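The structure appears below as C-alpha cells.
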Amino acid sequence: MERVIVVHVGSADCEAAARWASWEAARRGLPVQLHRDGTPPASEETELVVACARDVDDLSASPCPCVLVPERVREPIAAETVLGVDARNPAAEAVAFAFDTARRWGVRLRAVHTWQLPAEAAEFRFGIPEDERAIWEDHEVHLLSGALRPWREKYPEVDVLEDVRLLSPVQALVRQSANAGLLVVGRRAGATSSAVAHGLVARSRCPVAVVPS
C-alpha cells in the first residue's frame, strides 16, 4: 500500500499546515490527502499527519507522528532539527524520527536534554559552588552522550550537537525554535499529548512534531 501524508483540517483551514505538508510530501515523494471530518486520521497507510497548531487536542492520542504547524509560520525551512530528549529515558521513536528528518533534510540535529538541580543543592545556603555545579552538569552531559551513542552510529552522516540546559524543557526548546525547521518531542504509549507538547505548540516559532511511542 502506498504511504500518504495527511493534512488534518480541524477548526478551520490552515494554509501554513497545507504548505508544510506539501513541502514535506515532495521531499519524501509521497502524495497528500486532505482530511476534514472530526475523527483524527489513522491508518496503516498514514506516514505523517500535519495539522494547524491550534488543533493539537484533535490529535492528542494519534498513533501516527503528528506535525503541528503554527499559523505564523510563513514558509517551510530546512534549518536544524531540534530534538527534546530525556537522556535518562529516551523515547526511541522520537529520537529515530529526529535523526531521520535531519538526514532527509541534510541539516544538523540539535539534541536538547534539560535538567534540574538535585535536592542537595538546597544545602548550600550561600550559593552553589561552581565546582559542585560542574560535577552535576558533567554527569548530565555524559548521560546524553550515552543515550545518543547508538543513534550516532546508526546515522553517521548526521551532524549532531549535544545541548544540555539547566532549564525547563519548554523554555529550552522554545528558545531554539526561532532558528529551527522542526522541534521533535515524544509521547509515551497510552498517553495523550503532554504539557510539554502543549506548551511548545503554543509558543514555538517553528512546527512541532509529536511522535508516539
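Nothing in this text is a laboratory measurement; each read-out follows from the coordinates by a stated rule. Quantities reported herein were computed from a predicted structural model and do not represent experimental measurements. Cβ: placed from backbone, ideal geometry, glycine included. Neighbour counts: every protein chain shown.
If amide hydrogens are placed 1.01 Å from N in the peptide plane, which non-local residues have theirs closer than 5 Å to the one on residue 184?
Answer set, sorted by chain and number: 82, 83, 84, 209.
Mind giving me the FRET efficiency for residue 22 and residue 138? R0 is 30 Å, r the Cβ-Cβ distance, nearest 0.05 is fine.
Numbers: r = 45 Å, r/R0 = 1.49.
The computed FRET efficiency comes out at 0.10.
Starting from 0.36 nm per residue, how many nanometres of slack lie between residue 202 and residue 79 once their C-alpha separation is accounted for? Mind showing how you got there, number by number?
Numbers: separation 123, 0.36 × 123 = 44.28 nm, distance 2.03 nm.
Gain on extension, residue 202 to residue 79, equals 42.3 nm.
If packing is taken as the mean number of other Cβ atoms within 10 Å per residue, what is the order of 15-23, 79-87, 28-36, highest first?
Working: 15-23: 19.2, 79-87: 23.3, 28-36: 13.7.
So the peptides 15-23, 79-87, 28-36, ranked by packing, come out 79-87, 15-23, 28-36.
So if each residue of separation counts as 0.36 nm, and I subtract the Cα-Cα distance between residue 42 and residue 167, what length gain in nm does that give? Could the numbers behind the result be given before it?
Numbers: separation 125, 0.36 × 125 = 45.00 nm, distance 3.47 nm.
Full-extension gain reported as 41.5 nm.
In region 136-212, which GluC sites (Glu not before Pro) fall in coil by DSSP and have 16 or fewer other Cβ atoms within 10 Å?
Numbers: sites: 137, 140, 153, 157, 162; in loops: 157.
Sparse-neighbourhood loop GluC sites (Glu not before Pro): 157.
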